[in-house]
Amino acid sequence: MLKISIDQKLSQRIAFKLLVAYNVIEVIIMSELTKIPYVGKATAASLNLIGYETIASLKGADPEEMYQKECDVRGQMVDRCQLYMYRMVVYYASSKNPDPKKLKWWIWKD
């Protein structure tokens, strides 16, 4: 049987608690962002990657800057559809009563 010192056990407990806390925060972030139409886990993760963790944080953001930031962070060009999605999510976050007809990412194409 492997013997683990008290310090190692304590470190494991702390690491486990941090992991659980991180996952809880991640679920909260994902669940709020995924309330936006057509935003799933992947888009929510991309938004989080570029610094947007809540719907409120998207209000007044610049979709073109968001898209460029994601390209820079990933080190490659991202599918242009992501820009259209960013236009839609910023509209959603910035509007008190967003028009349901405008809550489809594909209508935000160039």
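If the requirement is being of a type in the set (Lys, Arg) and at pLDDT 70 or above, which of these qualifies: Lys3, Lys69, Lys17? I'd like the intermediate steps shown before the answer.
Values: Lys3 fails: at pLDDT 70 or above; Lys17 fails: at pLDDT 70 or above.
Unique residue meeting the criteria: Lys69.
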Filter result (part of a loop (DSSP other than H, G, I, E, B), surrounded by fewer than 17 Cβ atoms within 10 Å (Cβ to Cβ) and not hydroxyl-bearing (Ser, Thr, Tyr)) within the stretch 44-77: Gly51, Lys59, Gly60, Asp62, Gly75, Gln76, Met77
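The values are calculated or read from the model by the stated rules, or taken from the named source; none is laboratory data. Quick caveat, the model's predicted, so the values are computed rather than measured. All Cβ positions, even for glycine, are placed from backbone atoms using ideal geometry, and neighbour counts span all protein chains on display.
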